[in-house]
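Just below is one structure, and these are the notes that go with it.
The values are calculated or read from the model by the stated rules, or taken from the named source; none is laboratory data. Quick caveat: nothing in here was measured; it's all calculated off a predicted structure. In this analysis, Cβ positions are derived from the backbone assuming ideal geometry, glycine residues included, and neighbour counts consider all displayed protein chains. In case anyone asks, the SASA skips ligands and DNA or RNA and just uses the protein heavy atoms, side chains included. Shrake-Rupley method; radii C 1.70, N 1.55, O 1.52, S 1.80 Å.
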Amino acid sequence: RGAATPFGVRRASSAAAADYVFDADAANFQARVLQAKTPVVLDCHADWCGPCKTLGPLLKSEVAKHGGKVALAMLDVDAEQQLSGQLQVQSLPTVFGIHEGKLKDQFVGAKSAEEVAAFVSRLAALAGPAPGAADDASAVAADARAAAFQLLTSGDVPGAAALFQAEYSRLRDEDEAAKQAARDDPAAPRRKGLSKPLEYDDERPGALDMGWCLYGLARCAMENDPPEADAAAQLLGALEDERRKSVLDKNVDFKAAVSQLSLALAPEPDDNELGDARRAFASGDLDTALDLGLKCVRRAGDADAKEAARALVVQFIDAMGPGPESTRARKRPRHR
């Protein structure tokens, strides 16, 4: 952008917006867009623009998820021709991301729901943390995850997959934006936790949220028609990445889900006692599965066979999740 555009204007005193979605015009642009405390998504649209009618509701939905950390200004280019000319709007829809009077991001044309979510998340991250932000972020992630699993349960696999992917991307992009904001501000205190990618940082709630999203995508791959076993296996590999171990170990429900997924994706069991243990577990006969697995541990002829049997027994117990059955199973002797 050249110096003639409004994004070069220095930030003056902030003016609080009455709400977070509003119509922008020449009269309020300086105060509510350039001088706003919060980052602003500026949606340049027109009534005759078909893609604009799809994009507008997407932007409103994503902005609402951030609870006031980002605002949405709707600019009708036909009603505000001089202002849109100053902004050098040449195609519709055109969307700008503005913070402290400066252009931070932009795109032109129709975008997918995932891309819109990522754009808004990057901008919202520039606002920094607010009181109760951690709780709010966790609630947003939990709501999105619940909605995605509900879609999956109802049979809308593509819809569930899109929501899981959008939420995973939102969390990742917010983390990257927070790191970039910290790098761009030499005066900002260094936050130790930001040195590690969010999805592997068991100290931050978003790590578990991202893990559940990957698990949900794996479930979607398995329930596609036809099933996409290779895609599910790739996602399982990401879930079992050693860097995610502390996240798994901190949440028994998540660990149980991943263990169940791993057992479901395992190759067809061999025709031996260890294979019989797998088949018993798959049929729901947990006691028999554990008995057979422990027998294999005791009878193993070498260290590798013993470790394979022991790992399978541990996986059975992890897959049981929290409850009295898994507690009793953990107390069973695994060695003679």
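Take the stretch 34-89 and flag every residue that is within 26 Å of E174 (Cα to Cα) and in a loop (DSSP other than H, G, I, E, B).
Those that are within 26 Å of E174 (Cα to Cα) and in a loop (DSSP other than H, G, I, E, B): Q35, A36, K37, T38, P39, H66, G67, G68, K69, V70.
Would you say A17 is in contact with a strand residue (DSSP E or B) (Cβ under 9 Å, 6 or more places away or on another chain), surrounded by 16 or more Cβ atoms within 10 Å (Cβ to Cβ) and at pLDDT below 90?
Yes.
Restricting to the stretch 151-171, name every residue that is assigned to a helix (DSSP H, G or I) and open to solvent by 50 Å² or more (accessible area, probe 1.4 Å).
L151, T153, S154, P158, Q165
Considering each residue of the stretch 242-257, count those that are surrounded by 15 or more Cβ atoms within 10 Å (Cβ to Cβ) and either modelled with pLDDT of 95 or more or more than 12 Å from D318 (Cβ to Cβ) (or both), and give that number.
Of the residues in that region, 2 qualify.
Filter the stretch 90-118 down to the residues that are assigned to a strand (DSSP E or B) and polar (S, T, N, Q) and list them by number.
Within the stretch 90-118, T94, Q106 qualify.
Look through the stretch 251-300, keep the residues that are free of Cβ contacts under 8 Å to residues at least 12 places away in the same chain and small (G, A, S), and return whichever of them is farthest from Q234 (Cα to Cα).
A300
Tell me which residues, restricted to the stretch 20-43, are open to solvent by less than 10 Å² (accessible area, probe 1.4 Å) and touching a Gly at 6+ places or on another chain (Cβ under 8 Å).
L34, P39, V40, V41, L42, D43
Just to be sure I understand the filter: pairs with C-beta atoms under 6 Å, separated by 6 or more residues or on different chains, first member in the stretch 303-317 and over 21 Å from A257 (Cα atoms), second member at pLDDT 90 or above and not in a helix (DSSP H, G or I). Which pairs pass?
Correct list of pairs: empty, since none qualify.
Can you tell me which of L261, L236 is modelled with pLDDT of 95 or more, part of a helix (DSSP H, G or I) and open to solvent by less than 40 Å² (accessible area, probe 1.4 Å)?
On inspection, the qualifying residue turns out to be L236.
Pick from the stretch 294-305 the residues that are assigned to a helix (DSSP H, G or I) and under 21 Å from R279 (Cβ atoms): which of them is farthest from the chain's Cα centre (by Cα)?
Only one residue tops the list, namely R299.
Would the stretch 108-124 turn up any residue that is surrounded by fewer than 21 Cβ atoms within 10 Å (Cβ to Cβ), of a type outside the set (A, V, I, L, M) and over 20 Å from T54 (Cβ atoms)?
No: the stretch 108-124 contains no residue that is surrounded by fewer than 21 Cβ atoms within 10 Å (Cβ to Cβ), of a type outside the set (A, V, I, L, M) and over 20 Å from T54 (Cβ atoms).
Taking the stretch 309-320 only, how many residues are surrounded by fewer than 17 Cβ atoms within 10 Å (Cβ to Cβ) and in contact with a Leu (Cβ under 7 Å, 6 or more places away or on another chain)?
Total satisfying the criteria: 0.
Taking the criterion of being at pLDDT below 75, among the charged types (D, E, K, R), open to solvent by 70 Å² or more (accessible area, probe 1.4 Å) and over 18 Å from E62 (Cβ atoms), would at least one residue in the stretch 128-135 satisfy it?
yes
Filter the stretch 44-56 down to the residues that are open to solvent by less than 80 Å² (accessible area, probe 1.4 Å) and either free of Cβ contacts under 8 Å to residues at least 40 places away in the same chain or within 24 Å of the chain's Cα centre (by Cα) (or both) and list them by number.
Selection gives G50, L55, G56.
Kindly provide the set of residues from the stretch 291-304 that are open to solvent by less than 60 Å² (accessible area, probe 1.4 Å) and either within 19 Å of L265 (Cα to Cα) or at pLDDT below 90 (or both), ordered by number.
The answer is G293, A300.
I'd like the full set of residues that are open to solvent by 70 Å² or more (accessible area, probe 1.4 Å) and either at pLDDT 95 or above or touching a Gly at 6+ places or on another chain (Cβ under 6 Å) (or both), limited to the stretch 61-81.
D78, A79, Q81
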